[in-house]
Amino acid sequence: MTDFTERSKFRALVLGGYLEDVEVSGSGHKASIVKTDGGSAFNVATCLSLLGAEVLFLSCFGVCDSDRWSFRSIPVMPDCAHGIFLFSGSDVIAVQKPQPVDVNQELVGILIDEEYDLLYSTLEIGQQAASVISSVKSRIKVVDPSPFHEFKGLDGLGKYDFILANEYMSFEKSDRRLIIKASEKGVYFAGKDFLPPVVGKNRFGSGDIFGSVFSLLLMNGASPEEAIGEAVKVSGEFCSQTRSVEQFMLGIRSSLNYVIRG
């Protein structure tokens, strides 16, 4: 079912939301609408794939949605719906949330015999899904507890090695797993602020780029501090530009020495 036959240098299992991003620019008859694939977990799957990882994406999506994606994907349930994210600039206009679901137990039974380098989960399709999937074997497990309204406390998330929280979330800073993201302003970890070289504008997707680069560098043997420093630099550069997540990663990957090639 997973169609993985050979062991690559980096296998990533990503669980979370797929949303149709709808960006509105202008107003009235002069307004324009641009639709793109999105969602936090989808962005992470895209970034990791562009950085050379072998990605399996678990989410809620329709039969034809995944045909154009560059990575493998499996719907966690056969009849769950993706979401819609409507925004203008940095302002959220409306969100139709992906459907919270329980992960299909047949799928869990198959994945339990697999081994991954990275498990990366968000709460976009519910905390229960992230809790269940945490039993899959993986060298490193990272959870982004977003959206925060799905967060039900740390019960079920104990197997995750790192928590990538946003600055508005309420967590005990004494938790050594905690990394606090502040978008264009950098990251707080283990009593230290990690600041980007240049402060740009808050942009949707910057945290997903941070999580992708951070996770890949950890798998390449970097310390958490080294991985955070580079991830802050890259996500900060994204915040100083206007390109989409995919366009940005395509533009910089040739200059990164930690991209998995071939």
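In the structure shown, the pairs 30/97; 159/181; 137/185; 30/152; 97/173; 35/137 are assessed against 31 Å; a Cα-Cα span above that value is assigned to 137/185; 30/152; 35/137. Points 7 angstrom from Cα along the Cβ direction at residue 240 and residue 171: gap in nanometres? So the two model labels end up 2.7 nm from each other. Sequence-distant contacts, meaning Cα pairs under 8 Å at least 6 residues apart, place the relative contact order of the chain at 17 percent.
Couplings 3J(HN,Hα) for the range 43-59, derived from phi with the Karplus relation 6.51 cos²θ - 1.76 cosθ + 1.60 (θ = phi - 60°), are 4, 5, 4, 5, 4, 4, 5, 5, 8, x, 7, 8, 10, 10, 9, 10, 6 Hz, where x marks Gly and Pro. Values of log10 I(q)/I(0) for the chain across q = 0.11, 0.13, 0.17 Å⁻¹ run -0.56, -0.80, -1.45, by the Debye formula with one identical scatterer at each alpha carbon and no solvent.
Take the chain, connect every pair of alpha-carbon atoms lying under 10 Å apart with a spring to form a Gaussian network, then pick out the residue of 90, 66, 138 with the largest mean-square fluctuation. Comparing 90, 66, 138 in a Gaussian network model of the chain, the most mobile one is 90.
Looking at the range 11-257, send over the antiparallel percent of its DSSP beta bridges, to the nearest 5. Just about 35 percent of them are antiparallel.
Report the FRET efficiency, 1/(1 + (r/R0)^6), for residue 140 and residue 33, where r is their Cβ-Cβ distance and R0 is 35 Å, rounded to 0.05. With R0 = 35 Å, the Cβ-Cβ based efficiency is 0.35.
Values in this text are rule-based calculations from the coordinates and carry no lab data. The shown structure was predicted, so the numbers you read here are calculated from the model rather than taken from an experiment. Note: ideal-geometry Cβ built from the backbone for every residue, glycine included; neighbour counts use all protein chains shown.
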